[in-house]
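Remarks on the structure that follows.
Readers should treat all values here as calculations from the given coordinates under stated rules, not as data from a laboratory. Note that the coordinates shown come from a computational prediction; the quantities given were computed from them, not determined experimentally. Neighbour counts are summed over all protein chains in view; Cβ atoms, including those assigned to glycine, are modelled from backbone coordinates with ideal geometry.
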Amino acid sequence: MIKTNNLKKIYTTDEVETTALNGIDLEIRKGEFCAIMGPSGCGKSTLLNIVGLLDNPTEGTYQFLNYEVSGKSERERARLRKGNIGFVFQSFNLIDELTVFENVELPLLYLGMPGEERKEKAETAIDRMNMMHRRNHFPQQLSGGQQQRVAIARAVVANAKLILADEPTGNLDSDHGNEVMKLLAELNDQGTTIVMVTHSPHDAGYAERTINLFDGQIVKEEVEEGFHV
Amino acid sequence: MIKNYLKVALRNLGKRKGFTLINVLGLAIGIASCLLIAAYVLHEVSYDQFHEKSDRIYRVTQTTQTSSKNESGATTPFPVAPTLQNDFSGQIEKTVRFFDMQEEVRTIMNAQNEESFRVDHFYVVDSTFFDVFSADLVRGNPQTALDDPMSAVITEEQARRFFGDENPIGKQLTFKGVEDFTVTGVMRALPKTSHFQVDVLVSFNSLPELYGSREFLERWFWNPCWTYVLLKDGVTPQELESQLPGFVDKNYADREEGETITLSLQSLTDIHLYSNLDQEMEANGSIFYVYLFTVVAVLILIIATINFMNLSTARSTERAREVGMRKVLGAQRNQLFGQFMGESMLMTGLGFLAALFLVYLSLPWFNEYLDISLGASVITNGKVLGGLLILFIVVALLAGLYPALYLSGFNPTSIMHGSKGTQSGAGEKLLRKALVVFQFTLSVVLIIGTVIVYLQLQHLQNKQMGFNQEQIVVMPITQTLIAWEFDQFKEKALQSPHIKVISGMSKVLGSESQFFSKYSPANQPDAPPTNMTLHVKHDFLETYDIKLLAGRSFSRDYPADVENSILINKAMLNQIDVETPRDALGARFYFTTAENERKPLQVIGVVDDFYYTSIKKEISPLVINLVKEGRPTVRSIEFATAKLAEGGTQNGIEDLRAIWKEVNHIDPFTYFFQDEKLQEIYKSEAQMSNVSGIFTLLCILVACLGLFGLASYTASRRTKEIGIRKTLGATVPNIMALLSKDYLRLIVISNIIAWPVIYYLAVQWLQDFPYRIDLGWNLVVIFVTVGIATIIIGLLTVSYQSLRAALINPVESIQQE
């Protein structure tokens, strides 16, 4: 599903060059649950941005669903993103002015789906996250765990094949955190590929494979027993 | 999708009520001001357009030039119209003359019940009036209504006044107690957008009867008529104008040596805004004010639009997360652009609705203030609505374009790092500052401009007129019995303890129209043969407290004064080539009589210069001539004037009224106060300066609203910084200074930029005034005062937000991000 070769990302600001990623070769197959770990500033989020088609690499190639995407325009990347990739963030990033239902419905709107179908899909996704009783609430009226569940509902509503989670439990207490991780594991069991950036070894334990980054390079890879890269 | 946008937009507006209010209100005030001004401008430029043939109607004006004077008048001699018609029948379809009997007050009496009415707009016109001008005759035949001598056409309003509900046709109106006019027509009042107004029109053929002579109708040197020509289709005014010099040479036989007379054509529709000649029918408007207000309207709109842009982009950083997330979820840039443009449209729409409401509320006041009649049609007529739609699109585009481009351009990766929004870049901050500076520069220019206009008008009004205007009552007496019984009237009036002095004069002091007579200095053969002349009765200088520089005033002790003495003003010294007032005593003048005899006169006194004519003009040399007691003063003395005792104004008026009735039982007693008359002359200017003052205030208000919004934004953006500073020991005043400092600097910069601009404009504007305020130190004082005032206003505006931010508990503010 994801295949990168010698991926580099260099940020240039005021004549200072910062190498965020330095030659990443990575392959993630369909249905994998992969955790990316490493200290702050090691390039985790940059990698996630590139993998999620939010950003372009400076060098190297990236094939998403066997399609070369490095160097593609913002427009093209947005088109690919829609319906294929779902995102879950540490800070939930729900739109405050929209209700639970409207937030979840939003990706379908951008896909141009008709109203009836949208409603059905969004409600299914919300129901799946056990949030139907809150469907007309605004994000501020929900607890952190509930907000993250809505964010996950939004990530999966368009049947995304890949979910990118950036510290999904970072803002949650352990009970809510476990709940979210179980949901992600469940999704993975149902066939969704998940790439998760985390600081928490406990969360990484849900993954079948853990990649450790340091200074923009992959320094270590751990694979759960019985799983083959 | 649109539903989703609308939802987000409405919820956003609702959530940020303060921000919405500032934005909508600022825009509404801006648009409302703009609409009101536009309505006024449309009103001004529409003058005389209602005449169907307006594009072919021209007024003939006359310029008289001699070595010492240059007069441009709106009027021409009686024979000009018929002679033009005769000489240029191939080019001129019709001509029409107006003559106003040269009187300040005209009274008309219902011949049946002998009730008297004062009429403001009373003209003698040619029977062609209805052929040239588009006036609706409700009763009567426009072809014949003004044919016969002593026929009159009156307006519906006057008909009701004179005759109530009776049919006025065929009824008699008595003029000056003796002559009777027959009403032959009733016309609808002319629109307010006419450069002349009409209450009563009487036929030109009545003149010989009214004056008992035809002879004056043939004179080429007296020019009391407003003359209009209707050109034939396809004839250009230049074609006719090019032949006018020859026409003058042929006909103006009475011209003096060295006197040049030029006739010109003035387009009917240009008169109201572009003509400011002597003897205008009514005070005209001025294209200067039209330009001024148009500029003010555009500036206010720009300031309001900038507010909108500034506030929207400033707040937009808060929406970065939404933009980022929408992009992550697949939104294209054009979709986001559409969303934000839509929001700007929505906000602008609200602003327009609020503006229409404001216009609706302020229209009655605006009408009264400017003495115009703008109805609800200002808002509802198709043209205005079309204009509004265009304005709406322009404002929505201007206001929304930048924020929409800016917002839709956010990079979605930023939110992956969990930051709430993007920091404004240096470029954006600079732009925002530049816009604030631009707004305040405009505001400062407007404030100082208004102050200078106001000061200049004050200067004109307060300028020493050179005569006393307090406690002076003026009574028009032309062709009333009082004119014949002046001495009796005076003698009786002086018996009242409330009346101090009584005199008479040919024209009201300070009014534009004054007499010219054939007085010329004996020692200067080359000097102009005519001079401004004031005909007076005894005690004139005493009534007005006019200062005598040398010699003596007219006196009953010298009976020969009437025959051979004159007074001159100081301005005359130059013309007769003497150094001091004393040297002028005994100087000889000649008066050329109607029979062309030269009558010698001697200067017995020199008075200090006083503004016998408009203060907008320089004081010309003047001859003051005494009119004999007991002699009928039908022509030369048009006004009696009385100085009342201090504190006895009301009693004095009552006594005058009683004595008037005693002496004159025919004409109603009418009067006005000298100082009020002078104020009237500057009424339009004063009105304009008030109105521009109000719009300037609105302009500052809008700019301050913007500043307020921006300050609140800055304070909220810097909450974390403020928290950190406070934990490190900053006090509340420290924080306030920190937050206010930036704005203070911007306002100071605005002032400095505004100074040279306003200096240039002020010098240009003041050039047209012969008497003007001295800019030098005045300007420095104004600059500094306005500078300090804007700084105070600006600081007060931002201090509320700064104080609020400074008082936040640092624990909260640090956790905020």
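Couple of notes before you dig in:
- Counting, for every residue in B:45-53, the Cβ atoms of other protein chains within 10 Å of its Cβ and taking the mean gives 0.
- Flagged links, alpha-carbon separation over 25 Å, of B:3/B:429; B:94/B:518; B:429/B:741; B:490/B:570; B:3/B:383; B:547/B:616: B:3/B:429; B:94/B:518; B:490/B:570; B:3/B:383
- When the listed pairs B:232/B:617; A:119/B:327; A:82/B:7; B:192/B:537; B:433/B:720 are checked against a 30 Å cut-off, the alpha-carbon distance exceeds it for B:232/B:617; B:192/B:537.
- Using θ = phi - 60° and Karplus 6.51 cos²θ - 1.76 cosθ + 1.60, couplings along segment B:88-96 (whole Hz; Gly, Pro as x): 10, 5, x, 10, 9, 7, 8, 10, 8
- Highest mean first, the peptides B:777-783, B:482-488 sorted by other C-beta atoms within 10 Å per residue fall in the order B:482-488, B:777-783.
- Along the axis of the charge dipole computed for segment A:143-183 (Cβ charges of +1 for Lys and Arg, -1 for Asp and Glu, origin at the Cα centre), the listed residues A:144, A:159, A:174 are led at the positive end by A:159.
- Projected label distance in nm at residue B:597 and residue B:434, using a 7 Å step from Cα toward the beta-carbon: 8.2
- Table column - 3J(HN,Hα) (Hz), segment B:319-324, Karplus curve with 6.51, -1.76, 1.60, x for Gly and Pro: 9, 4, 4, 4, 4, x
- Pairs of alpha carbons in segment B:256-377 separated by more than 21 Å make up 66% of all such pairs.
- For segment B:102-176, the Kirkwood estimate of hydrodynamic radius, built from reciprocal distances between every pair of different alpha carbons, is 13.3 Å.
- In order along segment B:606-615, phi translates into HN-Hα couplings of 10, 9, 5, 5, 9, 7, 6, 10, 4, 6 Hz, rounded to whole numbers, per the Karplus curve 6.51 cos²θ - 1.76 cosθ + 1.60 with θ = phi - 60° and x for Gly and Pro.
- A protection proxy built from the mean count of other Cβ atoms within 10 Å ranks the segments B:331-340, B:657-666, B:91-100, B:27-36, most packed first, as B:27-36, B:91-100, B:331-340, B:657-666.
- Inter-part distance where segment B:464-508 and segment B:14-37 are each reduced to a Cα centre, Å: 57
- Peptide A:107-114 - average C-beta neighbours from other chains (10 Å radius): 4
- Per principal axis, descending, Cα span of chain B in whole Å: 105, 62, 53
- Calculated [222 nm] ellipticity per residue, helices only, for chain A: -10000 deg cm²/dmol; basis is -39500 (n - 2.57) per DSSP H run with n ≥ 4, divided by all residues, nearest 500.
- Estimated inter-spin distance, residue B:372 and residue B:800, nm [label 7 Å along Cα→Cβ]: 3.3
- Stokes-Einstein D for segment B:500-629, Kirkwood Rh over Cα pairs, 37 °C, 0.692 mPa s (µm²/s): 223
- Rg followed by Dmax, in Å, when the protein assembly as shown is reduced to its Cα trace: 42.6, 141
- Remark on residue B:550: its backbone amide H falls under 5 Å from those of B:606, a criterion applied only to residues 5 or more positions apart or on other chains, H modelled at 1.01 Å from N.
- Translational diffusion coefficient (Stokes-Einstein; Kirkwood radius from C-alpha pairs) of segment B:643-781 at 25 °C, 0.890 mPa s, in µm²/s: 112
- Expressed to the nearest 5 percent, the antiparallel share of DSSP beta bridges inside the protein assembly as shown is 70 percent.
- Comparing Cα centroids, segment B:118-179 and segment B:540-556 end up 45 angstrom apart.
- Only one residue of B:30, B:54, B:42 has its Cα farthest out toward the positive end of the dipole of segment B:14-73, where Lys and Arg carry +1 and Asp and Glu -1 on Cβ, and that residue is B:30.
- Kirkwood Rh, angstrom, chain A [1 / mean 1/r, Cα pairs]: 18.1
- Among B:498, B:538, a tally of other beta-carbon atoms within 10 Å of each Cβ gives an order, fewest to most, of B:498, B:538.
- Entries of A:3/A:44; A:8/A:44; B:171/B:661; B:17/B:726 with Cα pairs more than 19 Å apart: B:171/B:661; B:17/B:726
- Extension gain for the segment residue B:134 to residue B:264, taken as residue separation times 0.36 nm less the Cα-Cα distance, is 44.5 nm to one decimal.
- Proximity of backbone amide H atoms, modeled 1.01 Å from N, is registered between residue A:86 and A:162, A:163, A:164 at under 5 Å, excluding neighbours fewer than 5 places apart on the same chain.
- Taking every residue in A:70-81 and counting other chain Cβ atoms within 10 Å of its Cβ, the average works out to 2.
- Here the protein assembly as shown is assigned +1 on the Cβ of each Lys and Arg and -1 on the Cβ of each Asp and Glu. Its dipole about the Cα centre then comes out at about 3960 debye.
- MRE, 222 nm, helices only [DSSP H, n ≥ 4, -39500 (n - 2.57), over chain B, to nearest 500]: -16000 deg cm²/dmol
- Relative exposure of B:157, A:32, judged by other C-beta atoms within 10 Å (fewest first): B:157, A:32
- Fewest-first sequence of B:506, B:799, B:275 by Cβ atoms within 10 Å of each Cβ: B:799, B:275, B:506
- Placing unit charges on the Cβ atoms only, positive for Lys and Arg and negative for Asp and Glu, gives segment A:155-218 a dipole magnitude near 260 debye about its Cα centre.
- The separation of segment B:70-100 from segment A:78-134, counted between C-alpha centres, amounts to 83 Å.
- Between residue B:589 and B:522, B:601, B:602, B:603, the built amide H atoms are under 5 Å apart, and every one of these is 5 or more places off in sequence or on another chain.
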